[in-house]
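The values are calculated or read from the model by the stated rules, or taken from the named source; none is laboratory data. As the structure is a computational prediction, the values presented were derived from the model and not from experiment. All Cβ positions, glycine included, derive from the backbone under ideal geometry; neighbour counts span all protein chains shown. Just the protein is used for accessible areas: all its heavy atoms, side chains included, with ligands, DNA and RNA removed. Shrake-Rupley method; radii C 1.70, N 1.55, O 1.52, S 1.80 Å.
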Amino acid sequence: MSKKSAREQLRAERARQAAQAKRRENLMRIGVAVVVAVVIVAIAVVVQWQRSKVDTTAAYPEGVVAPYKPTSKGDPTPVGGKAGGQGDGVGFGKAGAPVVVEMFEDFACPHCRDFESDAEKTLNQQVEAGKARVIYYPLTLPGFGRPTELAANAFGCAVNAGKAREMHDALYANYSQSWTNSQLVELGKGIGLTSGSFRSCVNGDQFADWVKAVDETGTKRGVQGTPTVFVNGKQLDPGDTSGTGLKLAIDSAAAKTNKQ
């Protein structure tokens, strides 16, 4: 073998070894990057879990009621009058009404505002006649961010102060997607909530865990958007979320109970 050929082979071998070393270095960098990424994702998941974790022993408004429950499998008549707990909604109307209307709404949801505007008169008539009881679940959809969480908490504060219906109606009458606590305190003043305890409740996010728990209730019930309405446990077709559709559903449900 000539000296030239030997030198060429040596250079080729060195180039091969250098390429292998470069590949090992690149693989090691990729491996480290993957491990770092996995660790970051894991930390983010844990942090989010901690943030969303509900303290089941935390405070919830005094006006919450138990969800709809039929008397038996063959009798859809609601079992009424039971107090609720963490994650339950706020009830309006006669506890022994033959129909329970459960409404999952978001105070920042424009469709909920429109539905309330269309169905409010019908719903009020049914409640005042003792035909229906309404349970409101204030959901907080992620797309609406922090303002809707503040609104839901303020609603809980109003519930605790005996002004649930007034606050509910005021939040939709003054519809906003950018509520601040100071604005919510001012809104409360307009319906007679002028106490320091209401202000402290709003500013202190007193019912934050209840708000999270209500969201969990919505998830467990299969709620995928707002407004979602159940009439004696049966979900109202999204295409029928109107005053007329709600009235028909209430009439149909009442006809199937033993409390007409």
Checked region 136-187 for anything farther than 26 Å from residue 101 by Cα and either touching a strand residue (DSSP E or B) at 6+ places or on another chain (Cβ under 7 Å) or open to solvent by less than 10 Å² (accessible area, probe 1.4 Å) (or both); matches are 184
Among residues of region 84-93 being open to solvent by 10 Å² or more (accessible area, probe 1.4 Å) and part of a loop (DSSP other than H, G, I, E, B), the residue farthest from residue 142 (Cα to Cα) is 93
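Would region 201-208 turn up any residue that is within 24 Å of residue 182 (Cβ to Cβ) and among the small types (Gly, Ala, Ser)?
The first filter runs over region 201-208 and keeps only residues within 24 Å of residue 182 (Cβ to Cβ), leaving 201-208.
Next, from what is left, pick out any that are among the small types (Gly, Ala, Ser): 204, 208.
Within region 201-208 (the criterion being within 24 Å of residue 182 (Cβ to Cβ) and among the small types (Gly, Ala, Ser)), the answer is yes, since at least one residue qualifies.
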How many residues of region 60-83 are at pLDDT below 90, closer than 26 Å to residue 167 by Cα and either among the hydrophobic types (A, V, I, L, M, F, W, C) or open to solvent by less than 50 Å² (accessible area, probe 1.4 Å) (or both)? The answer is 3
Counted residues in region 94-104 being closer than 26 Å to residue 209 by Cβ and either open to solvent by 10 Å² or more (accessible area, probe 1.4 Å) or more than 18 Å from the chain's Cα centre (by Cα) (or both) come to 2
Scanning region 233-244 residue by residue, the ones that are surrounded by fewer than 20 Cβ atoms within 10 Å (Cβ to Cβ) and either touching a Leu at 6+ places or on another chain (Cβ under 9 Å) or under 26 Å from residue 79 (Cβ atoms) (or both) total 6
